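Rule-based calculations on the coordinates, nothing more; no lab input. What you are looking at is a predicted structure, and each value in this text was computed from that prediction instead of being measured. Every residue, glycine among them, receives a Cβ derived from its backbone with ideal geometry; neighbour counts consider all protein chains shown.
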Amino acid sequence: MLEGLRLAWNKGFWKLKLECDNTLLIEIILAGSAVNSRLTELRLIHYMLIRSWEVRVRHILRAQNTMVDLLVKIEYPELLKFYLLEEPPPSVRELLLTNSNLFALN
């Protein structure tokens, strides 16, 4: 999450939707408890979120996070590395299209 926020900031995005399937993490962030956390990463996330930009944080169900799961499991098995994709890999393009069509219907 922290690396994604840094990347978005450095790329000049000023409006961002941050979705996460970790309920506890989202509760900590939304309650403002991250600022007092002993965990450095939580404090850094808090400081990224209070910068001069609009970030909407919301919890999503694990089932709604299929794109991330697919990328991690199929394309990038090394979980501790950060990857910046300029284009979606071929294996996830169909899922992206399906998700965008469902979004358009709602």
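Quick look at the numbers
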| read-out | value |
| --- | --- |
| Convex hull per residue volume in Å³, alpha carbons only, for the stretch 2-60 | 74 |
| Inter-label distance for Phe13 and Arg58, nm, one decimal - labels placed 7 Å from Cα along Cα-to-Cβ | 1.5 |
| The stretch 1-66: trypsin sites (Lys or Arg not before Pro) in DSSP coil with no more than 15 other Cβ atoms inside 10 Å | Lys11, Arg38, Arg51 |
| Charge sum, other residues only, whose C-beta stays under 11 Å from Ile26's C-beta, Lys/Arg counted +1 and Asp/Glu -1 | -2 |
